[in-house]
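Below: the structure, in structure tokens.
The values are calculated or read from the model by the stated rules, or taken from the named source; none is laboratory data. On a predicted model such as this, the values are computed, not experimentally measured, just so you know. Note that each Cβ is placed from the backbone with ideal geometry, even for glycine, and that neighbours are counted across all protein chains shown.
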Amino acid sequence: MAEHRIRALALCVFHHNGKILFNEFRDPVSQQTCFRPVGGGIEFGETSAETIVREVQEELGLSMTDMRLLGTLESLFVYNGKPGHEIVQVYDATFVDRSVYAHPQIEGHESNGAPFTARWHASSSFSELAPLVPKGLHALLKSAGLLA
């Protein structure tokens, strides 16, 4: 039996013209569509801010500036039929290359090489059936003035 553990994560929202960049994915068991910002696991000896810089560079090949911490969320969830527990540092930042904002999507690769597409979404894209994750992210972004 696998040991349950809490995972430390750092995610970054990039916003432009009322839209935020999200990776859309589907839970293989529940078939629920979810939206999550770019980011990943914090490695030992690495700060959450360093994680964001590394993950965005590794996944999207892009640099950023103007990083600011928006808040911390604790997420208890079930994904792929298995329980999960994450502590998530959520950041906001700006891409150095401003031309990125003109593209409707950005192609990326997970650390395991799996391709993904991050797209710009307005708050109308999300619902209870297709939520932002982790839980509490929508409220955090709303209170920061990034979502309507």
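In region 131-146, how many are in a loop (DSSP other than H, G, I, E, B) and closer than 22 Å to Q32 by Cα? Even if it seems obvious, please write down each step before you answer.
Going residue by residue through region 131-146, those that are in a loop (DSSP other than H, G, I, E, B) are 131, 133-136, 144-146.
This time we only want the ones that are closer than 22 Å to Q32 by Cα, so: 131, 133-136.
Number of matching residues: 5.
Scanning for something aromatic (F, W, Y), in contact (Cβ under 8 Å) with a residue 12 or more places away in the chain, touching a strand residue (DSSP E or B) at 6+ places or on another chain (Cβ under 7 Å) and within 16 Å of L60 (Cα to Cα), does region 117-127 turn up at least one residue? Among the residues of region 117-127, at least one is aromatic (F, W, Y), in contact (Cβ under 8 Å) with a residue 12 or more places away in the chain, touching a strand residue (DSSP E or B) at 6+ places or on another chain (Cβ under 7 Å) and within 16 Å of L60 (Cα to Cα), which makes the answer yes.
Quick one: is A10 modelled with pLDDT of 95 or more and touching a helix residue (DSSP H, G or I) at 6+ places or on another chain (Cβ under 9 Å)? For A10, the condition - modelled with pLDDT of 95 or more and touching a helix residue (DSSP H, G or I) at 6+ places or on another chain (Cβ under 9 Å) - is met. Only one entry of E107, E128, E58, E74 meets the criterion of being assigned to a strand (DSSP E or B), within 20 Å of E24 (Cβ to Cβ) and over 13 Å from the mean Cα position of the chain (by Cα), and that entry is E107. When residues in region 77-104 are screened for being assigned to a helix (DSSP H, G or I) and either at pLDDT below 95 or loosely packed, with under 15 Cβ neighbours inside 10 Å (or both), 3 of them pass.
Restricting attention to region 131-148 and to residues that are in contact with a helix residue (DSSP H, G or I) (Cβ under 6 Å, 6 or more places away or on another chain) and surrounded by 12 or more Cβ atoms within 10 Å (Cβ to Cβ), the residue that is farthest from D27 (Cα to Cα) turns out to be L147.
Every condition in (1) outside any loop (DSSP other than H, G, I, E, B); (2) at pLDDT 95 or above; (3) not hydroxyl-bearing (S, T, Y) holds for F116 except the one numbered (2). Suppose the filter is aliphatic (A, V, I, L, M) and at pLDDT 95 or above; does L69 pass it? Yes: the conditions hold for L69. Return yes or no: is L60 closer than 23 Å to E107 by Cβ and surrounded by 14 or more Cβ atoms within 10 Å (Cβ to Cβ)? Judged against the criteria, L60 is a match. For region 18-30, the count of residues that are surrounded by fewer than 20 Cβ atoms within 10 Å (Cβ to Cβ), outside any strand (DSSP E or B) and under 15 Å from the mean Cα position of the chain (by Cα) is zero. Inspect all residues belonging to region 36-45 and state whether any of them is touching a Phe, Trp or Tyr at 6+ places or on another chain (Cβ under 9 Å), outside any loop (DSSP other than H, G, I, E, B), without any contact (Cβ under 8 Å) to a residue 60 or more places away in the chain and surrounded by 13 or more Cβ atoms within 10 Å (Cβ to Cβ). Looking for residues that are touching a Phe, Trp or Tyr at 6+ places or on another chain (Cβ under 9 Å), outside any loop (DSSP other than H, G, I, E, B), without any contact (Cβ under 8 Å) to a residue 60 or more places away in the chain and surrounded by 13 or more Cβ atoms within 10 Å (Cβ to Cβ), one finds at least one in region 36-45, hence yes.
The set of residues in region 121-130 that are polar (S, T, N, Q) and loosely packed, with under 15 Cβ neighbours inside 10 Å comprises S124, S127.
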